Amino acid sequence: MGLFGKKPAAKKPAVKSTEKKKPFGGYCINFGGRTETMEEVFGKKDITPSEMTKKIWAYVKGKDIAGKK
């Protein structure tokens, strides 16, 4: 028995959805034919991995080289 003589409420079992979510196919990125150096994309200073990811995606979106599969 719980506090004040009450029984704790029974937990309901989780209900799972019968519908399957369609998987996302990802992006197709093609760097072929690019002439930019890494220094031009990332700069000359040391950067963290998270800053590198942001700069890569800014470059990809700015050059319009990504597309959904």
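General remarks:
Let's see how each residue does on (1) of a type in the set (Asp, Glu); (2) over 19 Å from the mean Cα position of the chain (by Cα); (3) at pLDDT 75 or above:
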| residue | (1), (2), (3) |
| --- | --- |
| Met1 | no, yes, no |
| Pro8 | no, yes, no |
| Pro13 | no, yes, no |
| Pro23 | no, no, no |
| Glu36 | yes, yes, yes |
| Asp46 | yes, yes, yes |
| Met52 | no, no, yes |
| Ala58 | no, no, yes |
| Lys61 | no, no, yes |
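- Enumeration of residues in the stretch 20-69 that are touching a strand residue (DSSP E or B) at 6+ places or on another chain (Cβ under 9 Å) and in a loop (DSSP other than H, G, I, E, B): Phe24, Gly25, Gly26, Asn30, Ile65, Lys69
The values are calculated or read from the model by the stated rules, or taken from the named source; none is laboratory data. Please read all numbers here as calculations on a predicted model, not as lab measurements. Virtual Cβ from ideal backbone geometry, glycine too; neighbours counted across all protein chains shown.
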